[in-house]
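These notes concern the structure reproduced below.
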């Protein structure tokens, strides 16, 4: 059984935020105004956290992309009273929007701050409406949203593999939008159970670490320390 995960090389990330734009376009993530963002009403399934060290002119910028950690022991799934948060047999944590009642227990339980409450009817500028992805649903007001490793792409890969009477390949066939869009190839995705994939090998690197690992959530997103 596959166990899909991601490795993010912090040495390669340039902070261009191509992954953020690709995620919004692929998953029909609503656009919020600057005033709403300042009020804390962000809607970004993938964020890039900047960190600046030193003083001018000797300044060094660091960037940390942060998607959903796709935990093996996800607290969001445990606290959902209607089982809207689910973890598949392949370890992907996804959200059933039709079940969500907007109680936001999962938002409070997530230690990584990567779940978002859809507090208003989603809107897009007129010139962006034709660019909405028909393969992904438009969410109603009052539900929680989160990254699910572009799970609809996995479904498509499964259909193609089923037609060829084979299993989905552990690397290269199922790729989330953020990974595909990264120009620096800082994001590596694949089956962590397959020892031959790049993601599996890098996850065993001495540079690899996971955010808040002491909490026992067992994230499937690994980071590589800067050299």
Unmet requirement for residue 32, which otherwise passes all of (1) modelled with pLDDT of 85 or more; (2) surrounded by 12 or more Cβ atoms within 10 Å (Cβ to Cβ); (3) part of a loop (DSSP other than H, G, I, E, B): (1)
Checklist (1) in a loop (DSSP other than H, G, I, E, B); (2) more than 21 Å from the chain's Cα centre (by Cα) applied to residue 128, failing item: (1)
Test for residue 154: is it surrounded by 15 or more Cβ atoms within 10 Å (Cβ to Cβ), in contact (Cβ under 8 Å) with a residue 60 or more places away in the chain and more than 25 Å from residue 49 (Cβ to Cβ): yes
Some residue of the stretch 20-28 being free of Cβ contacts under 8 Å to residues at least 60 places away in the same chain and either over 15 Å from the mean Cα position of the chain (by Cα) or outside any helix (DSSP H, G or I) (or both): no
Of all residues making up the stretch 168-204, the number that are without any contact (Cβ under 8 Å) to a residue 40 or more places away in the chain, over 16 Å from the mean Cα position of the chain (by Cα) and surrounded by fewer than 20 Cβ atoms within 10 Å (Cβ to Cβ): 8
Hits in the stretch 46-62 - residues which are farther than 29 Å from residue 30 by Cβ and not in a strand (DSSP E or B): 56, 57
Residue, surrounded by the fewest Cβ atoms within 10 Å (Cβ to Cβ), within the stretch 139-151, restricted to residues that are over 22 Å from residue 3 (Cβ atoms) and in contact with a strand residue (DSSP E or B) (Cβ under 9 Å, 6 or more places away or on another chain): 142
Yes/no for residue 110 being on the phi > 0 side of the Ramachandran plot and touching a helix residue (DSSP H, G or I) at 6+ places or on another chain (Cβ under 8 Å): no
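Can you say whether residue 133 is touching a residue at least 40 places away in the same chain (Cβ under 8 Å) and farther than 26 Å from residue 156 by Cα, as far as the supplied structure shows?
Details: touching a residue at least 40 places away in the same chain (Cβ under 8 Å): yes; farther than 26 Å from residue 156 by Cα: no.
Judged against the criteria, residue 133 is not a match.
Identify all residues within the stretch 180-201 that are in a helix (DSSP H, G or I) and under 13 Å from residue 16 (Cα atoms); write none if there are none. Spell out how you get there, then give the answer.
First, pick out the residues of the stretch 180-201 that are in a helix (DSSP H, G or I): 180-181, 198-201.
Hit for the stretch 180-201 is 181, nothing else.
Every residue, every condition in (1) surrounded by fewer than 18 Cβ atoms within 10 Å (Cβ to Cβ); (2) in contact with a helix residue (DSSP H, G or I) (Cβ under 9 Å, 6 or more places away or on another chain); (3) farther than 25 Å from residue 223 by Cα; (4) modelled with pLDDT under 90, yes or no:
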residue: 40; (1), (2), (3), (4): yes, no, yes, yes
residue: 55; (1), (2), (3), (4): yes, no, yes, yes
residue: 60; (1), (2), (3), (4): yes, no, no, yes
residue: 75; (1), (2), (3), (4): no, yes, no, no
residue: 86; (1), (2), (3), (4): yes, yes, no, no
residue: 89; (1), (2), (3), (4): yes, no, no, yes
residue: 96; (1), (2), (3), (4): yes, no, yes, no
Scan of the stretch 2-29 for residues that are farther than 22 Å from residue 183 by Cβ and either surrounded by 22 or more Cβ atoms within 10 Å (Cβ to Cβ) or touching a strand residue (DSSP E or B) at 6+ places or on another chain (Cβ under 9 Å) (or both), ordered by number: 2, 3, 4
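The values are calculated or read from the model by the stated rules, or taken from the named source; none is laboratory data. Note that the coordinates shown come from a computational prediction; the quantities given were computed from them, not determined experimentally. A quick note on method: Cβ atoms are made from the backbone with ideal geometry, for glycine too, and the neighbour counts reach across all protein chains shown.
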